[in-house]
Structures are given as structure tokens and as C-alpha cells.
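A quick write-up on the structure given underneath.
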Amino acid sequence: MAVDGFPCKPASTVVDDDFFSALMVAAPSTKNPFGVNSTRATVSVFPGLNTLGVSITRTDLAPGGINPPHSHPRGSELVLVVKGEVTVGFTTSTNLLYSKVVKENELFIVPRGLQHYQLNVGTGDAVFMAMFDAQSPGLVVPTLGLFATKPAMPMEVLTKTFLLGADEIDVMKSKFVGF
């Protein structure tokens, strides 16, 4: 039987590790242009989540690091800051911005499908857990969807969307090569 696109494992193949994740054990590297690393525990890597309607992600942010604007089309997000200070913000469909500096042991909710970001505004590393009401919340990152597509987004679409010339768009696209 398949639930939310994922087949249930035959009972004879279920093992203890299907119900275990070492998500909190080691801090992954944040050595990238955004200073961020997210380690996901969704149904695709944590089979015990299948049919539960939940998932969780650990995100590490270097000082000044950002989890760039993105959305989750299939899930709302509850952010719990474990370490540091993180500005969490989202925009509504009427272009209102809601944001707050969230400190250790504080929570911030991001409604399903809305563009949002997390920015480390503290003096050291930051860590937060993002909990979702979906076993596979999905991830849409607009900058990658515009500047790192294969094949490339038509230049005319980008120049007209951003009111920039082709040379300026090429500079922006060059920043996302390899993503």
C-alpha cells in the first residue's frame, strides 16, 4: 500500500533502524556561499515516519549564514531554535512580512506554502530544528528555480521579471552555477 506516494514496507523487512535517526549527533559543514546546512529526516530517509504526517530538519547556520527564501508546498513549519539567535520571517500572499528574532528554546511558526527564510543574527553558530506537519513537505527555492534551471530559464523571462539587462542577469546566474 502507498501512503502520500511512499509504499509501506512489508512487515518482514522492517528493522529497528527504520524508527531511528541520529539527526542531532554531528554538526554538518556550513562551508558554502550561504553558510547553511540542512539535514532532513523525511520519510524518504526515515521510513518510520511513513503515515505519521510529520518530519523534521536540523539546520546549522554559520555566523551571518542564511537559509535563503524558500517554501514548503505540502507542510507548515514550526521552528525551534536550539542554539544562537535566528531571524525567522515569512511573507504572505499580500506581501506582508512577519519576522522575529527567535532565541534558544523559542518557537516561530511558518504557515504552509509561504516564502520564508532564516538568518543567523547572533555572534556564533546557530542551530534550529524545523518540524513539519507532513512526512514530505517539499522544498521550493525560487533563486534556484530562476537562475539554476536545466535547461536555462529564457533570458527574456528573467530580464522582464527583474527589470534588468541581460548582462546583469548573467552576473546573477553565475552565482548559482553548480547548485
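The values are calculated or read from the model by the stated rules, or taken from the named source; none is laboratory data. What you see is a predicted model, and the numbers here were worked out from it, not measured in a lab. A quick note on method: Cβ atoms are made from the backbone with ideal geometry, for glycine too, and the neighbour counts reach across all protein chains shown. Protein only, heavy atoms only, side chains kept; ligands, DNA and RNA dropped before computing areas. Shrake-Rupley method; radii C 1.70, N 1.55, O 1.52, S 1.80 Å.
The table below lists the values:
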read-out: Accessible area (Å², per residue) of the stretch 24-179, counting only protein heavy atoms and a probe of 1.4 Å; value: 54
read-out: Heavy-atom accessible surface of the stretch 27-138: percent carbon and sulfur, 1.4 Å; value: 57
read-out: Of Lys9/Lys100; Lys31/Lys100; Lys9/Lys31; Lys83/Lys175, pairs whose Cα-Cα distance is over 32 Å; value: Lys9/Lys100; Lys9/Lys31
read-out: Cut-off 16 Å, label 7 Å out along Cα→Cβ of Thr92, residues of the stretch 107-123 by amide N; value: 109-116
read-out: Euclidean distance between Cα centres, the stretch 90-146 to the stretch 31-75, Å; value: 10
read-out: Relative contact order [Cα under 8 Å, 6+ residues apart], the chain, whole percent; value: 22
read-out: Three-way shape label, the stretch 27-138, alpha-carbon gyration tensor, a/c 1.5; value: oblate
read-out: Spacing of the two label points (7 Å from each Cα toward its C-beta) at Leu144 and Thr13, in nm; value: 2.7
read-out: Neighbourhood net charge (13 Å Cβ-Cβ; Lys/Arg +1, Asp/Glu -1) for Leu158; value: -2
